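Engineer: Structure in structure tokens, see below.
The values are calculated or read from the model by the stated rules, or taken from the named source; none is laboratory data. All values derive from a computational prediction rather than experimental measurement. Here the Cβ positions follow ideal geometry from the backbone for every residue, glycine too, while neighbour counts run over all protein chains shown.
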Ligand SMILES: [Zn+2]
């Protein structure tokens, strides 16, 4: 079968010559796909609308020797309001890069597909993009199986519920109790509230996110921990994160 259809979200695009682009898609049916959109840089090309960043479309593709080609696309949701908002665009680009990095090509992953799609709809309706980003990171780490274990110390297995002081150990990406925290290591002391918040966010759905009220230091600690987990897993810093840090200043 050389022609196939896929429901997919545009994660990323890059130029290919004067007229074409390579589009990276996160599809429901086949996972991540890289496909060529021929002539898309020319005005009035029929693929322009459906290949904008974050647009959710039904694509008709045909298999190529190296990359597949986009034949047609029918827009389901353009998410243009996300692209129109500079802050939302920057944060959503970061989340799209995470999907791009976490999901291997042509491996179906409906859970990540639906997580990202739901996140896009949530971003359209809500302005707390920092909280949405943290929530997305937590759910992505959970689906990938790399969210830190939160109930007990990763070293001695003592319950963290009874601990007054809790530390995060970057080298192992996990929480330790005060007995297992060596001063020679670069451990982060974290507030109990941050651990409880992480636990709570990992258990709830988007619909319950309205209940969450955060103080700036809780969200900052959470961000630090999640960044370490992501960097440990990917073994690199993301391009969009460097940009995000610049616009935060
Ligand atoms: Zn311990």
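Engineer: Only one residue in 155, 186 is within 13 Å of the ligand (Cβ to nearest atom) and surrounded by fewer than 20 Cβ atoms within 10 Å (Cβ to Cβ). Which one?
Structural biologist: Among 155, 186, only 155 is within 13 Å of the ligand (Cβ to nearest atom) and surrounded by fewer than 20 Cβ atoms within 10 Å (Cβ to Cβ).
Engineer: If the Cβ limit is 8 Å and pairs must be 6+ apart or interchain, which residue in the range 152-170 that is free of Cβ contacts under 8 Å to residues at least 24 places away in the same chain and within 15 Å of residue 191 (Cα to Cα) pairs with which residue that is in a loop (DSSP other than H, G, I, E, B) and more than 9 Å from the ligand (Cβ to nearest atom)?
Structural biologist: Filtered contacts from the range 152-170: 161/151; 167/187; 169/185; 169/187.
Engineer: Looking only at the range 161-174, decide whether some residue is more than 14 Å from the ligand (Cβ to nearest atom), under 20 Å from residue 201 (Cα atoms) and under 23 Å from the mean Cα position of the chain (by Cα).
Structural biologist: Checked against the condition, which is being more than 14 Å from the ligand (Cβ to nearest atom), under 20 Å from residue 201 (Cα atoms) and under 23 Å from the mean Cα position of the chain (by Cα), the range 161-174 yields at least one hit.
Engineer: Test residue 123 against the stated conditions and say whether it is surrounded by 14 or more Cβ atoms within 10 Å (Cβ to Cβ), more than 16 Å from the ligand (Cβ to nearest atom) and farther than 23 Å from residue 211 by Cα.
Structural biologist: No: the conditions fail for residue 123.
Engineer: Going by the conditions given, is residue 180 within 16 Å of the ligand (Cβ to nearest atom) and modelled with pLDDT of 90 or more?
Structural biologist: no
Engineer: Being modelled with pLDDT of 95 or more and closer than 16 Å to residue 202 by Cα narrows it down to one of 136, 113, so name that one.
Structural biologist: 136
Engineer: Hey, another quick one. Pull up the range 62-84, narrow it to residues that are modelled with pLDDT of 95 or more and out of contact with any strand residue (DSSP E or B) (no Cβ under 9 Å at 6 or more places or on another chain), then point me to the one that is nearest to residue 45 (Cα to Cα).
Structural biologist: 80
Engineer: Return a yes/no flag: does the range 88-105 have any residue that is touching a strand residue (DSSP E or B) at 6+ places or on another chain (Cβ under 7 Å), surrounded by 14 or more Cβ atoms within 10 Å (Cβ to Cβ) and outside any helix (DSSP H, G or I).
Structural biologist: yes
Engineer: Right, something else. Take the conditions at pLDDT 95 or above, surrounded by 22 or more Cβ atoms within 10 Å (Cβ to Cβ) and touching a helix residue (DSSP H, G or I) at 6+ places or on another chain (Cβ under 6 Å) and apply them to residue 11. Does it pass?
Structural biologist: yes
Engineer: From the list 223, 137, which one is under 15 Å from the mean Cα position of the chain (by Cα), touching a residue at least 24 places away in the same chain (Cβ under 8 Å) and either within 16 Å of the ligand (Cβ to nearest atom) or under 19 Å from residue 118 (Cα atoms) (or both)?
Structural biologist: Sole residue among the options that is under 15 Å from the mean Cα position of the chain (by Cα), touching a residue at least 24 places away in the same chain (Cβ under 8 Å) and either within 16 Å of the ligand (Cβ to nearest atom) or under 19 Å from residue 118 (Cα atoms) (or both): 137.
Engineer: Being in contact with a helix residue (DSSP H, G or I) (Cβ under 8 Å, 6 or more places away or on another chain), closer than 25 Å to residue 119 by Cα, in contact (Cβ under 8 Å) with a residue 24 or more places away in the chain and within 16 Å of the ligand (Cβ to nearest atom), is that true of even one residue in the range 196-216?
Structural biologist: Scanning the range 196-216 turns up no residue that is in contact with a helix residue (DSSP H, G or I) (Cβ under 8 Å, 6 or more places away or on another chain), closer than 25 Å to residue 119 by Cα, in contact (Cβ under 8 Å) with a residue 24 or more places away in the chain and within 16 Å of the ligand (Cβ to nearest atom).
Engineer: Looking only at residues in the range 54-71 that are surrounded by 15 or more Cβ atoms within 10 Å (Cβ to Cβ) and in contact (Cβ under 8 Å) with a residue 60 or more places away in the chain, which one is farthest from residue 93 (Cα to Cα)?
Structural biologist: That would be 71.
Engineer: Residue 4 - would you say it is surrounded by 18 or more Cβ atoms within 10 Å (Cβ to Cβ), in contact with a strand residue (DSSP E or B) (Cβ under 9 Å, 6 or more places away or on another chain) and under 19 Å from residue 103 (Cβ atoms)?
Structural biologist: No; evaluated as a whole, the condition is false for this residue.
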